[in-house]
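Below is one structure, written out as structure tokens; the observations come after it.
None of the figures in this text is laboratory data; all of them are computed from the coordinates on show. It should be emphasised that the depicted structure is a prediction, and the values quoted were computed from it without experimental measurement. In this analysis, Cβ positions are derived from the backbone assuming ideal geometry, glycine residues included, and neighbour counts consider all displayed protein chains.
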Amino acid sequence: MHFTGFVTRAGWTGKGGSAWAVPLAIAALLSPLGGLHGALQAQPRDLTGMCLDNLDDGCMPRYLPFQGLSVDFCEETCQLENPVDLRDLDGRLYDMTCLADYPNPPGGRVLILSQTDHRGRGRLWFIDRHVTREIVPCPRG
């Protein structure tokens, strides 16, 4: 990333960046999950090592691991494709296509959203038309 301009007390001034580019970059580095924010920005096509938190066990375990941008559900394997960056949000919108051993598996759109809560803790979310689930580092063991 290359910026041309300078930082003043009022924020970023100059060409090639927004007024918030430098403060947001610093906040991302200092946040507890700053690396998570960076992973979303730097490696948008890989969530390997991260898990979708289902909150409890059911027909599948609580934590569903991603392999790249693919995740297995009870009877489906779903892939996130065609990422679209969102303006004024730290997230990407994906098409979700699923394969299953039955006709017409679910699919649709999924938002992967990175947020910082009021305590400064970074969080990553999986949002579709039915559920909002947190994406967390996969538990070890």
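Things to note:
- Whole-Hz Karplus values for the stretch 48-57 come out as 4, x, 10, 10, 7, 8, 7, 6, 7, 7 Hz, taken residue by residue from phi with 6.51 cos²θ - 1.76 cosθ + 1.60 and θ = phi - 60°; glycine and proline positions read x.
- Under a 5 Å amide H cut-off, with hydrogens placed 1.01 Å from N, C138 pairs with M50, C51 among residues at least 5 apart or on other chains.
- Cβ-based net charge around E76, under 14 Å, with every Lys or Arg adding one and every Asp or Glu removing one: -4
- Positive minus negative residues near P103 (Lys, Arg vs Asp, Glu; Cβ under 13 Å): -3
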